[in-house]
Every structure is written in C-alpha cells, then in structure tokens.
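Engineer: So that we are looking at the same thing, I have put the structure below in structure tokens.
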Amino acid sequence: MSELVRIDGMIDPHTHLRDLDWAHKATFASETRAAVAGGYWAVFDMPNTPPNTVDAASLALKLERLAATAACDYGVYLGASQVDNSAAVAQLADDACGLKIFNNATTGNLLIEDQDLRRRFYQRWPAHRPIAVHAEEDTILDLLTLVRETRKPTHFLHISTAREVAHLRAAKEEGLPVTLGVCPHHLYLTQHDEAALKGFGLMKPTLKTPADRDALWQAITDGVVDVIESDHAPHTRAEKESDRPPYGVPGLETNLPLMLTAVHERAIPLERAAAMLSANVRRIWGVACPPDTYTLVDLDAAYTLDSRRLHSACGWSPFDGMRVRGRVVATWIRGQRVYDGEAVTPLAQPQNLFKAVA
Ligand code: DOR
Ligand code: ZN
C-alpha cells in the first residue's frame, strides 16, 4: 500500500531561472514547469542572469515576463552591484523577495569583495525583506560582522562545509538574525564524484569532502539547517561539455525525492524534511500559504531518477541514475492542479508573492 502525504506550500528560495538574455539556457516557462513538476508552489529567482536585476527597469522587465509566462508563483531578488546601487534597490525592496549579495566568485558579474560597499547595502536595505548572501568559508565572518552591526535578517545560501556550519551555529547561539540553506548536491555528492561527473558536477560552492557532507547531515539532524534549497542553475549540455564549463546544476525536480529518500534512509523525520522545503521558507520570507496549495507525494514509490523525464530545458542532472524513494503525484496551487504526476498545466494567474502595499 502506498502512503500519500500532503506538504503545504513548498517554496524554493534559491533558483536561477535564466530566460531574458540567457534564454538559450532555459526560460521562465520551462523552469517554472520544472518547479511544479518538482512539487513547488513558488520559486524565488536570482539576479545574476543578464540583464542583471539591479534597477527599476530590469526588475520591471523580469516581473512582466514572469507574469506572462510563469507556471507557478514567484518572487524576484534584487542584486547588489559593484557600481553602488544600494539606494536604488532599497527603493524597490517592496516588490522583491530580498537582496542578493554575491561575496565570492561565481557565474555572472555581481561579485562584491569590498567590505565598505557591502556595509552600505546592509545599512540601506530595509529589514522587512531578507538579505541572501553567497558567502563561502571565512567570508561568512565578514558578513556576520555586518549582521552584528545592523541586525538585518540574513539568509546564508548553499552552506557546504563543516567549518561554515560551525560559523553559523555560533552566530545562532549568539542570537544573530541568521538562517541557512543547504543544497541536495552537497548532501549527496562529494569531490570524489567530480571525476565521473566532469563539468556536470561543477557548481559554486564546489563539491566538498565526505567529512563536510557528513557535517551537513548532522546539522540537519541537529535542527541547525533551516532550508533545503536547489540553487537550480541550468546550463546547456554543450556548455557543460566544453573546456571551461560554467558553474551550476539543476535541482528543482530532484530536491523533494532526494529529501524523501533521506527520510527513509537517514531517519530524518518527515516533518523536518517537509518544513525545510516549505514552512521554514514561508516563515523566513514572511509569506502565507494560500488555500488549496500543496503537494501530494507517494512516500514509498521507489524509482531511478532519469534526466530524460525532467521538464527543465537543460535535459541533464548530476543525479541521473540514482535510486530514490518518494515521488510527486500532484501539485496544487490555489485550487488549480498544475501537475498530475505526468503533465504540467501552467498556473492560470501566476503571481509575484512580494508586492508593495498600495
Ligand atoms: O553554481 C552556481 N551557479 N552557483 C552560483 O552561485 C550561480 C549559479 C549560476 O547562476 O549559474
Ligand atoms: Zn545560486
């Protein structure tokens, strides 16, 4: 007998949807279809796709295209840029899900290494929307200094090492307003998989040691990890097979099955796994689950992840061939069934979850 379980209002707060000038990699339509097939109600899109989401015009362009083509609800991050746009983005905060600051090198050109410039963003950005930071290793300490100075709620994205976990565990004990997210690729893969995966195993933060992976699982067990996020970042097969593959892997359609597999195999309580994919995200970003918005999963379904069955435009996955247990059988958003376990029916009226109060 298969057991059907309901998870309310799943959100991925860390997605790179592409489209716009990177429509050759993926589109809002293709990746939000992947999102609902992965069980998600909403996704929050990162600002590093050209044209970067760093001012009123680029935000308006993205929101307009999402409203016209998204298959699910969404939020959009504004990006901190090297040419100081801290005043401009602060003005636009109500329409965005948060501010993203890239503090270590990765895909795109939004890197900020100047601590004084970071500080200006922290001072100007309003406290009612989280600041989400890409900060690796001791860069985390630089950001924690700013959190300590300004008390601005900060979400530390894609934490991948034991040392990083230790920094954030201490920050939480200190009472700082910080949360952290972990990606399934850092939970299931290590640097030992890089030789086989080649470009398809390359992302930022990179894959780490088995000891780091174990520390992430321990942090989940201890309740230190708030969010499981995808860092869904599709690139074409040709780009990944090239001499200089770009960073990033897809994840929207594999996050939930991989976490349900952990419920079976690692004794992670189902409630904890579900909360990290839904209720915790809603709490951190301050959004309420609309009525009749949930995912139905078959907890027992055992199968092999097959990248040919994925909806993402990229058509590959670093998890291809992995045995998992737990399958999405339906996704409902505001009373509309947008996924029936096979086919996607895009949401009739996709909405930005973050709107200025008129
Ligand atoms: O692997 C990554 N890919 N990490 C990032 O921080 C950015 C992302 C992308 O946009 O490709
Ligand atoms: Zn990312």
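The values are calculated or read from the model by the stated rules, or taken from the named source; none is laboratory data. What you see is a predicted model; the values in this text were computed from it and never measured. Cβ: placed from backbone, ideal geometry, glycine included. Neighbour counts: every protein chain shown. Note: areas computed on protein heavy atoms with side chains; ligands, DNA, RNA excluded. Shrake-Rupley method; radii C 1.70, N 1.55, O 1.52, S 1.80 Å.
Engineer: Is segment 69-215 rounded, prolate or oblate when judged by the Cα gyration tensor, a ≥ b ≥ c being the square roots of its eigenvalues, rounded requiring a/c under 1.5 and prolate requiring a/b larger than b/c?
Structural biologist: Judged from the Cα gyration tensor, segment 69-215 comes out prolate (a/c at least 1.5, a/b above b/c).
Engineer: For L296, what is the net charge nearby, where nearby means another residue's Cβ is under 15 Å from its Cβ and Lys, Arg count +1, Asp, Glu -1?
Structural biologist: -4
Engineer: Now a separate question. Quote the charge dipole size of the chain about the Cα centre in Debye, to the nearest 20; the model charges only the Cβ of Lys and Arg (+1) and of Asp and Glu (-1).
Structural biologist: That gives the chain a dipole magnitude of about 360 debye.
Engineer: A further question follows. Too long at a 30 Å Cα-Cα cut-off: which of K152/K355; K62/K204; K208/K240; K172/K240; K208/K355?
Structural biologist: From K152/K355; K62/K204; K208/K240; K172/K240; K208/K355, over 30 Å: K172/K240; K208/K355.
Engineer: Dividing the convex hull volume of the Cα atoms of segment 1-66 by its residue count, what figure in Å³ per residue is obtained?
Structural biologist: Convex hull of Cα atoms, per residue: 93 Å³.
Engineer: While we're on this one: Which percent of the Cα-Cα distances in segment 9-151 go past 25 Å?
Structural biologist: Summing the P(r) tail past 25 Å for segment 9-151 gives 26 percent.
Engineer: With a 10 Å cut-off between alpha carbons and a GNM built on the chain, which of A233, A96, A348 moves the most?
Structural biologist: Of the options given, A348 has the highest mean-square fluctuation.
Engineer: Rg (Å, one decimal) plus Dmax (Å, integer) for the alpha carbons of segment 311-358?
Structural biologist: 15.3, 49
Engineer: Moving to a separate point now. What whole-number value in Å² describes the accessible area per residue of segment 135-278 for a 1.4 Å probe?
Structural biologist: 36 Å²
Engineer: Another one. Count the net charge of all other residues whose Cβ sits under 13 Å from the Cβ of D21, scoring Lys and Arg as +1 and Asp and Glu as -1.
Structural biologist: Result for the neighbourhood of D21: +3.
Engineer: At a 1.4 Å probe, what is the % contribution of carbon and sulfur to the accessible area of segment 134-181?
Structural biologist: 50 percent
Engineer: Can you give me the accessible area per residue for segment 26-89, using a 1.4 Å probe, in Å²?
Structural biologist: Averaged over the residues of segment 26-89, the accessible area is 25 Å².
Engineer: Kindly sort H128, H167, H158 by accessible area of their heavy atoms, largest first, with the probe set to 1.4 Å.
Structural biologist: H128, H167, H158
Engineer: Ordering K240, K355 by accessible area with a probe of 1.4 Å, largest first, what comes out?
Structural biologist: K355, K240
Engineer: Please work out the Cα convex hull volume for the chain and give it in Å³ per residue.
Structural biologist: It is 125 Å³ per residue.
Engineer: Still on this structure, please answer the following. Based on Cα coordinates alone, diagonalise the gyration tensor for segment 37-119, multiply each eigenvalue by 5, take square roots, and list the semi-axes in whole Å, largest first.
Structural biologist: In descending order, the three semi-axes are 24, 14, 11 Å.
Engineer: Springs between alpha-carbon pairs under 10 angstrom, Gaussian network model over the chain: which of R327, R151, R33 fluctuates most?
Structural biologist: Highest fluctuation among the options: R151.
Engineer: For segment 1-58 and segment 246-292, compute the distance between their C-alpha centroids and round to whole Å.
Structural biologist: Here the two parts' Cα centres lie 14 Å apart.
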